[in-house]
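The next block holds one structure in the form of structure tokens; read it before the comments.
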2 protein chains.
Amino acid sequence: MLTGRQLLILQVIIDDFIQTAQPVGSRVISKKEDISFSPATIRNVMADLEDMGYLEKTHSSSGRVPSEKGYRFYVDNLLSPQIAPDDINVIKHVIQDGIFEFEQIVQKSAEVLSDITNYTSIILGPEVFETKLKQLQIVTLTPQTAVCILITNTGHVEHRAFSIPTEMSSSELEKMVNILNDRLQGVPILRLPEKLNTEVLSLMRMYVNDFEKSFDYLKAAFFNEHPVKLYFGGKTNMLMQPEFKDIDKVRSFYTMMEREEEIADMLKATTDGIKVTIGHENKVDAIKDCSLITATYHLGEEQMGTIALLGPTRMEYKKVITLLNALSNEMTEALYMWYKNND
Amino acid sequence: MLTGRQLLILQVIIDDFIQTAQPVGSRVISKKEDISFSPATIRNVMADLEDMGYLEKTHSSSGRVPSEKGYRFYVDNLLSPQIAPDDINVIKHVIQDGIFEFEQIVQKSAEVLSDITNYTSIILGPEVFETKLKQLQIVTLTPQTAVCILITNTGHVEHRAFSIPTEMSSSELEKMVNILNDRLQGVPILRLPEKLNTEVLSLMRMYVNDFEKSFDYLKAAFFNEHPVKLYFGGKTNMLMQPEFKDIDKVRSFYTMMEREEEIADMLKATTDGIKVTIGHENKVDAIKDCSLITATYHLGEEQMGTIALLGPTRMEYKKVITLLNALSNEMTEALYMWYKNND
DNA sequence: GTTAGCACTCTCGTTTAACGAGTGCTAATT
DNA sequence: AATTAGCACTCGTTAAACGAGAGTGCTAAC
């Protein structure tokens with residue numbers, strides 16, 4: 001257990017380091033407003049904190065730097081949740097300002113988030129799977145090719161072109177679309193393949209001649225790959241951080257940022273609420289000296305997606321957590337508004 | 001005018017430097033297979049080439065490095081166009097391998113191009129304006145909101161959600177869509193706004209009650225912003241180039257890469273055929289030590305888009321030019337196939 | 001318990017020296 | 001007359017040496 005003085009000094013050190021990125025020495029601390037001890041006293045305290053593992057030295061006679069354990073303690077115990085500042089109004093404004101598509105909201109949110117914080121933001125888009133099919137349309141481009149369009153109740157549109165088997169007439173095609181719409185409207189996207197195989201398959205076999213080949217095309221076109229959508233903001237912000245001054249780190253960081261599946265998996269694994277993952281707590285090597293802060297957004301009880309901020313371990317945790325909290329709420333609300341309208 | 005020997009040595013120097021990224025000295029050259037002069041002779045020639053501005057020294061007693069003028073001469077006169085290697089088969093394969101959407105072809109091309117070359121590729125998507133409207137659909141999500149979907153003859157799909165004026169009934173909406181489709185099918189996207197204002201406006205006023213407000217919505221939804229699409233490949237490849245070892249260059253480079261309009265303008269300005277822009281020939285500051293190689297792809301006589309490769313001035317011009325040539329042809333052909341089918 | 005004082009440690013920037021790669025010039029060679 | 005060998009010279013790179021500065025840990029005094 002830490003004494004009050006230890007807590008105070010730990011907090012001051014971390015706050016200072018977060019701002020300056022420089023090891024902080026006893027002299028600097030003694031000059032702070034709310035500190036009334038001499039440098040020597042502070043040195044003693046710092047030595048204790050180091051023994052306990054909350055602080056580190058970069059070399060034997062340098063100032064102290066927070067260890068990961070220190071950061072962990074800091075976010076767990078030393079963060080007085082503060083009422084968020086103007087930034088939250090900015091967020092509100094962006095989210096509600098005459099945007100009609102959820103995708104746009106998400107993209108804008110990612111941008112705003114990175115602009116405000118100067119870190120890199122990643123948002124895991126709302127799971128398409130959870131949304132329901134509103135309508136399915138096939139538009140023929142030529143006798144051989146057509147584009148299939150799938151509209152969800154959220155206003156999301158997916159499309160894929162495919163080629164029509166030569167044996168199939170256009171009336172046949174139309175019949176097929178009708179059956180599909182009749183049977184599949186309102187079905188969650190996630191269930192589509194299953195539903196397609198059970199109910200619809202037999203029906204089609206009955207009414208549509210030679211449907212099988214085009215059916216395959218359709219299935220291949222839509223259900224093979226359903227990549228989760230990631231929205232990024234401020235990808236270059238990391239370059240501005242002093243901890244990324246050497247090129248090798250930059251390389252490995254950006255190489256990682258291109259492995260979207262990996263990132264998506266990481267974000268999917270997040271549980272409810274705000275979660276802070278510091279340094280080596282991260283499983284991914286390339287961000288072992290970064291912190292990842294995630295929050296989720298919801299529809300009702302159900303978790304729909306994840307918002308994340310990625311920065312150096314020396315992050316402005318207080319600001320960022322408040323902000324993420326706010327954004328999470330705003331997005332949840334925006335999502336709710338959507339679904340209220342679009343059942 | 002350069003003598004044969006000067007030509008030979010200039011070529012060898014540039015070739016070597018392109019490979020090693022190190023200033024090349026007289027000794028190294030004398031060791032090359034097709035060189036039969038002593039280092040001293042070569043030094044004399046190099047001094048001449050330097051006087052003429054084709055070579056530079058990084059400092060007074062270093063080996064020589066090609067100047068921009070040197071590179072310019074190299075690409076203009078020293079590049080024996082060579083038959084392309086296996087890479088071209090890779091390209092062919094990627095482009096023709098069961099892809100049905102032109103966008104996909106473009107995206108894949110960008111990726112392949114950067115993978116093969118280890119540079120950054122940028123492709124300016126086919127101008128949406130040139131394509132024609134195939135069909136227009138409006139799907140209502142709720143009584144208040146709908147999503148408008150626009151399908152072009154190329155299989156390209158655009159969509160935008162908008163809100164329905166409360167006064168408008170669904171039958172009214174349907175009537176509107178019918179009129180729009182009736183009048184606008186086959187019209188080039190570029191002409192839509194104009195056509196909308198002339199022919200369709202009066203017609204709508206006649207048949208649809210209270211159409212004006214939703215008309216505004218529609219127009220706003222579709223025709224405000226029509227950003228040109230850029231496709232990137234290998235954005236991180238630049239980090240691997242030794243000339244990008246200092247972080248400031250990296251910063252300014254990636255900051256530039258985010259200004260998509262600027263890049264688009266740059267690529268739009270390209271004329272027909274392959275064009276090489278070396279170093280300071282580039283207007284954009286952040287790539288004053290890069291070379292940009294562009295090629296165009298076509299539909300019939302008409303230029304549709306631009307393929308570009310961005311790398312350090314020390315680029316493998318020969319390989320890259322051959323490759324870009326091939327890709328340009330492949331894309332033109334693919335585009336032609338598209339349009340042949342999708343008039 | 002706190003603090004002043006001091007010796008000690010380590011980094012950082014500067015200086016110095018040695019080394020090596022490469023040049024330019026001159027004189028000898030072909 | 002062209003080519004080349006030889007040599008002095010230049011400059012970047014690396015390593016070692018050094019002083020200054022920041023900060024610590026410890027001891028002794030308050």
Only unsatisfied item for residue A:155, checking (1) of a type outside the set (D, E, K, R); (2) within 14 Å of chain B (Cβ to nearest Cβ); (3) open to solvent by 10 Å² or more (accessible area, probe 1.4 Å); (4) not in a strand (DSSP E or B), is (3)
Of the residues that sit in segment A:39-59 and are outside any helix (DSSP H, G or I) and of a type outside the set (Val, Ile, Thr), which one is nearest to DNA strand D (Cβ to nearest atom)? A:57
Quick one: is residue B:90 within 27 Å of residue B:322 (Cβ to Cβ), open to solvent by less than 70 Å² (accessible area, probe 1.4 Å), free of Cβ contacts under 8 Å to residues at least 40 places away in the same chain and more than 14 Å from DNA strand D (Cβ to nearest atom)? yes
Somewhere in segment B:180-189, is a residue under 28 Å from the mean Cα position of the chain (by Cα), more than 14 Å from chain A (Cβ to nearest Cβ), part of a loop (DSSP other than H, G, I, E, B) and β-branched (Val, Ile, Thr)? yes
Scan segment A:231-242 for residues that are hydrophobic (A, V, I, L, M, F, W, C) and either within 10 Å of chain B (Cβ to nearest Cβ) or under 18 Å from residue A:313 (Cβ atoms) (or both) and jot them down. A:238, A:239, A:240
Could you give every pair whose Cβ atoms fall below 8 Å, whose first residue belongs to segment B:261-272 and is assigned by TED's automatic domain parsing to the domain that holds residue B:309, and whose second residue is among the charged types (D, E, K, R), counting only separations of at least 6 or pairs across chains? B:266/B:283
Condition first: within 30 Å of residue A:163 (Cβ to Cβ), within 14 Å of another protein chain (Cβ to nearest Cβ), of a type in the set (Ser, Thr, Tyr) and away from DNA strand C (no atom under 13 Å from the Cβ). Can you find one or more residues in segment B:101-110 that meet it? no
Identify, by number, the condition in (1) without any contact (Cβ under 8 Å) to a residue 12 or more places away in the chain; (2) over 29 Å from residue B:275 (Cβ atoms); (3) surrounded by 16 or more Cβ atoms within 10 Å (Cβ to Cβ) that residue B:37 doesn't meet. (1)
Of the residues B:110, B:84, which single one is modelled with pLDDT of 95 or more, surrounded by 15 or more Cβ atoms within 10 Å (Cβ to Cβ) and over 18 Å from residue B:277 (Cα atoms)? B:110
Take segment B:39-53 and flag every residue that is more than 11 Å from DNA strand C (Cβ to nearest atom) and out of contact with any helix residue (DSSP H, G or I) (no Cβ under 7 Å at 6 or more places or on another chain). B:52
I'm trying to understand the selection: among the residues of segment A:6-38, which are within 12 Å of DNA strand C (Cβ to nearest atom), in a helix (DSSP H, G or I) and over 22 Å from residue A:317 (Cα atoms)? A:26, A:27, A:30
Condition met for residue A:3 (surrounded by 12 or more Cβ atoms within 10 Å (Cβ to Cβ) and either aliphatic (A, V, I, L, M) or farther than 19 Å from residue A:311 by Cβ (or both)): no
Name the residues in segment B:60-81 that are within 16 Å of DNA strand D (Cβ to nearest atom) and either surrounded by fewer than 18 Cβ atoms within 10 Å (Cβ to Cβ) or at pLDDT below 90 (or both), would you? B:60, B:61, B:62
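The values are calculated or read from the model by the stated rules, or taken from the named source; none is laboratory data. Just so it is clear, the model here is predicted, and its values are computed rather than measured. All Cβ positions, glycine included, derive from the backbone under ideal geometry; neighbour counts span all protein chains shown. Ligands, DNA and RNA are stripped out before the accessible areas are found, and what is left, the full protein with its side chains, is counted by its heavy atoms. Shrake-Rupley method; radii C 1.70, N 1.55, O 1.52, S 1.80 Å.
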